[in-house]
Each structure stands twice: as structure tokens, then as C-alpha cells.
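The values are calculated or read from the model by the stated rules, or taken from the named source; none is laboratory data. What you see is a predicted model, and the numbers here were worked out from it, not measured in a lab. In this analysis, Cβ positions are derived from the backbone assuming ideal geometry, glycine residues included, and neighbour counts consider all displayed protein chains.
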Amino acid sequence: MAHNDIPTLVSLALQYGTINEEQYRHLMALHTIKRKKAAPMDFARLLLSQKFATPYQIGLLTLIQEYHIIKKRGEEFGKIAIEKGFATELDVKKALYFQKKEFKRARLKKLIGDILVESRVITTKQKNSILKEQLQLEQEANTIISSEQKKEPPPSASVQAEPFPTSEEGSELTDYEKKFLQIKVLDREFAARVTEKGLASEEQVIFAQTIQEEEFEKKNTLKILGDIMVSLSFITEEQKNIVLEAQNRLSNTIGTGGKESAIEVILSPDNKTAKVKIDKKFLPETAVAQLKTALTAFGITNGIYPDALLQCQLSQGNIEFYAARSGAYPEQISPRNLVFHLETNLTKQGEKRKGDLLAEYIPRQKALIRKDLLGNPVHQETAKTLDPLCGSGTRLSQDGAGILAAKTGIPSVSIDGKLFIHPIIHVLENADLRYGPLEAYANLSVSGVLTGAYPITAGTIKAREIRGARIDSIGTIRTDVGITDTTIRSQGDIHARYLHNCRIETFGNIYIQNEIYDSTITTSGKIDSPTCRIISSSLSAKKGIVLAGAGSEKTRPCSISAGNEHHILEIGKFICKDIAGISAKLDALIEKRDAQESLSRKAFQKMVELKIFHDRAKGKRQFLAKEFNANKETLNKERLKNIVKLIANFETRIEKSIASLKELSKIKQLHDQKKIKLENKINFLAPKVNAQIIALEETLLIFFEWTRSQENISRIQIHGKAFPGTIFSGIYSSTQIDSSLENFSIFEVADSELVHRMAVLKSEY
């Protein structure tokens, strides 16, 4: 291995900004002088003596240098293995890739020879044969680590440090990995201070360090040594903070008690989604900036959700939620390689006939290359299973490569990408209890009143009036009069003259002509109702609100919020409730199974105790019998009588213990049988439940991706009068007016990155 293949500490210091070029030239000249005077000094001591670097910086640079050495040794080992015919080039590439991953997982000295042996590519004997040829290489590497006797290129104004491996070489450290190395170096000093102060033993420190690396390796979780030692009760929180303060880490290190310490990042195994979990006591102080800092420190550079969505999660008091996902919404359907035929071969009414092709799967010529949350390139998976995309009125084709209309009706696609066919149904009277239940997901046209006799699922709805209904619709809802006492969840627009005592959640827009009274509305669209007055109501719209007036002198104040993500988060709560309901039965079975297992263990423990008692009683009986036989000629009758009585007592105890053991054995077998039955039920139910949960979580993530692509408009316009007490909110701030305002706009402005307020602008109409 050529010496100039491994960068020295001084070249790494220049590369990472620890020193500048002038300091670099000074150190090189000083190193040359020391060597000529036969008093060589390694670069680490030179950097420290000149006060160009701290011990922490030296430690970090040494770790990076070790990686270069390990990598070079691995490459040389691989070349020898290929030359000897012990391994193929592909085997070596896989081992080098695994070695890189192991370095990223904090195992800095995982040698390629060990990797090849563990993967059964070569034998231990072959590895030792290669290592003999590599002996000189290892000696050079050890020399570099210990004495830094490497010759550096002549210093000049244009000198460039040895470049760190680029992403093309597949060896660049992510921000997350660099952060881990930084924490690891700082924690070495932390460990030394803890043992020096006698707060913990060396064994406890080593155990905590092992836990730290396991957390990093298996869970992708960054935890400082102090937090781990506190959780293990090796030291107290106060002792941890004292040591951290001495290191100047108390205010700015993840996991040290500052704001960022309250945030735990949970990365999915495929690096495509990330959740954050916030310590509840720190939630009021946590801001979007802290969330993004924690994600960036974790190495997540791609797919972080917009600030508006993160802020609304915090505002609603959520302590665990998705904060990032790779990919963007417009690409959610196209990766399935679908071609849609929704606008072709339609009838005069715009219908698709039964059996018509709605969408088909077209294999992609080239696989898409995308980036995961950590910025690593990944192949885009293409979903060939189209069954999850079949909504009401649709089915898979026989070959599974297409989706067909299962009935005649109007096609549509929902927000979560499902295909529907909506039959057209005309009701020439009231749709009530006498009429009976309506067909699911039909496009309804009701000449009279649509009532809440039955829950309603529909495509679009047109009615003269809606009263007391529970509606879940894919398309637009339109009434000639109004909507009263109704709950609506829709993906389309809502049109009415008035809304009274309603709860509405929709992805579309709200158009109300006259009045909204005692209602709650959340929408991912806009509320565009310039002639409508609201009373005792709460409104939230992602894309802005236009109203005629708000509130009155005699009713409770209104709440009006624009630009936020309340609708999507409400949908998320419903999905979480559905997930909890689906998993409840499985959780109950698991709880019963665990109870039976616990009872079985208790019975077994009693059996063990009885067996010990039985053996002791048996031993004492044998001892007494032996003593009786040995001394029956010499002992008096009273003593012999007592011994016989004791033997009889022990025999009685033995018989009772045997009977109890048999009874306990039956009880244990009964519990074990019940446990097995419950396990069989769990194994039968678990795949179905898990599939349903995964589908719901995927739907939630698709909704998040959809809202990512939509604009947030924190602007509210009032064409008339807003009464005192009305609350106006944006994404980050809110205000309550103390006096009446007329003809104005109110919108959110940022005075700084962290300070926002609602500003009022008077309008002329």
C-alpha cells in the first residue's frame, strides 16, 4: 500500500477545516525540521503543541484516518484473494460494501478477511495465507497509526488535501455517521471523567458503551453515553449534567438535556420513513427548527415534511408522528407503472360499461433510481399487485395486470389512488327510512330530502336538502337548500345555502351562500364563501378563507384558522383509531396468551419448589431409616418409636407432594394447551391484521404526500364585520380581536425565523 494512499492527520485537518492552508504549511515545515534534528514529532502532538486543534478534534480526525486504513487494507486483501483464486471480484465487492456498512454501524475494525470467512467465501486457512502476504501492508498501516512517519507532498499555496472518498466511491460519511463519530469521541472523554470522579466503575462504562453501539447498529438511534448510564441507574441525571457541563456539551449536544435531547428519531428499516418521538415535558418548548435539526443530525437529508405539517403536529400536542418520507405525491401512482383509461370509451352519460378496462400495468423498461431519507440511491420498487387499488365497483382482470369495471357507472380516482365505479341512482322522493338503504358508492341524485336513516357512502351527492345524515363521499356534495345536523367526510367540494350543526371534513373546497351556524369545518381546500356569515363555529382551511362576517354579540366567539394542516391530522386520528380497533382483538388474544404463559410458569415454579421439598423429605426419610436400622438394637423403645413416627410423617409428606406435583402438572398442561390454542388463533389472525394495519398506514402516508404538494395560504378575508372575541390563526401564530373589525384581511407574517404574528390589513370594497 503506497504511503500517499492514506491521508495524514494534518491533511485531514486541512480538509475538514480544522486548520487553514497557512497553518498547514507551518506544520509541514515544523515537521520537516523536527525530523532533520532527529527529534521527530507526530502530527497529533504538533497540532496540540501549536494549539491548532483540541484533543476532541484530534480524536475525530484519528477515527476518520482509521477508516481510510481499514478500507485500504480491505482492498489489498481482496486483490490478493482474487489473485489466489480464493474469491471472485463480486465476492470482494460485496465484502467491501459490507465492511463500509459495518464502519457506518460503528465497528471500525471489521476486517474484510473476517467478513469473507463469516460469509463462507473463504476458509480460515485461506485467510491466514493471504494475511502472510499482507504482513508488510499491515506493518505500514500500524506505522502510520502509531508514528505518522509518512512523507507529505511539498507544501505550496495550491496544496490540496487527500480527498475523502466520494459518493461515487461509496465511502462518504453521511452527516448522521459524522455525528455519531463526534458523539463517540466526546463520550470517550465523558467516560474518563466519570471513572476519574468515581461516579461509575470501568465495567459499568464498558457495558454502557456496548449498549450505545447496539442502539446505533440495530435501531439507528443516536444516544450519548450519559443518557444511557442514567437509564441504567449507573449515575444520576445531576451527575451526568455536571460532567457534560464540564465538557461544554450541556446546551448544544443531542441527548444532553437541551431542547434537542427531547427528540428521538425512529428510522424505518428500509430508510424510507422516519418518525419523531418527543419527550412530553419538552413538547411546549419544541419548535420545528429543533425537529429539523434532530432529523439532519440523524443524517436525514431527503423527504422531510413541510414546516406547516410539522408545526401543526406540535400545535396539536402530538408526541409521536411521521416527520419524513422519501418520494413525493405525484409519483405515488406512477411507480406502479399504471396506464389509465378513464376518459376513453365513455357513454353519453360519462359512464364506463361493465367489463371495460380502467387501468393496466405496463412493465417499466428501466428501474427508477431514487434516494432514501439518508440520500442513498435505491431502486424504486414497482407494485405489481393492483388489488389494493380496487375500490367499490372495480375488480382485477384474470391475469392480475389490469383493473376492470365490475358494474356500469362513472369512474373516479380517490386521493389515496383507489379506482371506483359509481352507478347513477335517481331518487324521485325523500331518501329516508321508507325508501330503504342506498347502494354503496353510487352517484346520488335525490329530488327530496336525504336523511340519516342509514349511513351513506357515495360518489357524488345532489339533493334538495340533507338532514341528520352520516356521509362518506368521494366526490362533490351539492344541495339546493342546506345541510343540517350532519357529519360529512368527503374528498370533493361542498355546496349549500347554509350549514347548521354540522361537522365537515373534506379535501375539497367549501362554498356556502348564507350562513354557517354551530358547525365545525376542516378542509384541505379553501372556504370561498364571500356572502356567508358564521356564528358559533370553528373553521379551518389549508388554502385560505373568504367570509362575509364572523360572530355576533350574543353567541360564543368563532375560531377561524387558515394555512394549517388540521384536516389531514384529523384524518390521521381517524386512521389511528381504525388501526387501534383492528389490532384490539389481536392484542386481547396476545394478552390472554401471555396470561396463560404466566400461569404456566407459576405452576412450573411451584412444581420445582415441591420437587425440592420432595427430594429433601425423601433424603431425611432415608437418613432416619438408615439410623433406625443401624441403632434399633441400642436405642430405647421411646426413641425408636419417635424415629418411626418421623419416618411415617416424612412418607406422608412425600405422598402429598407427589399428589400435588401431579395436580400441578395437570394445571400446567391445561395452561399450556390454552396457550397453544391462543397462539394458533394469533398466528391465524396476525397476517390479516398486519396487512390491514400496513394498508392503513400507507394510506395515511399517501395523504401526507398529497398535502405536501398543496399550497398553504395563511390568509383570511372578511368582507363584513367580525365581532370581538373572534380568534384568527395561521400556521404558527394566532390572535383574538378585542373590538369589532370590518372589511379587512388578516394574514400571517414572519418577523424572524422563530417569531410569527397575525397582521391586519384594512380593505376597501
Check your understanding: Counting only residues that are modelled with pLDDT under 90 and among the aromatic types (Phe, Trp, Tyr), which one in the stretch 268-316 is farthest from the chain's Cα centre (by Cα)?
Key -> Phe282
Point to revise | Lys662 being surrounded by 16 or more Cβ atoms within 10 Å (Cβ to Cβ), of a type in the set (Lys, Arg) and part of a helix (DSSP H, G or I) | key: no
Practice item. Kindly indicate the residue of the stretch 714-765 that is among the basic types (Lys, Arg) and within 33 Å of the chain's Cα centre (by Cα) and also nearest to Ile527 (Cα to Cα) among those meeting that condition. Key: Arg715
**Study point:** Filter result for Gly581 (buried (at least 17 other Cβ atoms within 10 Å of the Cβ) and either out of contact with any His (no Cβ under 7 Å at 6 or more places or on another chain) or free of Cβ contacts under 8 Å to residues at least 60 places away in the same chain (or both))
**Key:** no
Check your understanding: What do you reckon, is Glu711 under 30 Å from Ser414 (Cα atoms) and either modelled with pLDDT under 90 or of a type in the set (A, V, I, L, M, F, W, C) (or both)?
Key -> no
Review point. When you scan the stretch 427-511 for strands (runs of 3 or more DSSP E) that lie fully inside it, which ones turn up with 2 or more residues that are of a type in the set (Ser, Thr, Tyr)?
Key: 442-451, 456-467, 487-490
Exercise for review: Can you tell me which residue within the stretch 473-486, out of those that are under 24 Å from Val413 (Cβ atoms) and of a type in the set (S, T, N, Q), is surrounded by the fewest Cβ atoms within 10 Å (Cβ to Cβ)?
Suggested key: Thr476
Review point. Filter the stretch 365-396 for residues that are among the hydroxyl-bearing types (Ser, Thr, Tyr) and modelled with pLDDT under 90; which is surrounded by the fewest Cβ atoms within 10 Å (Cβ to Cβ)?
Key: Thr385
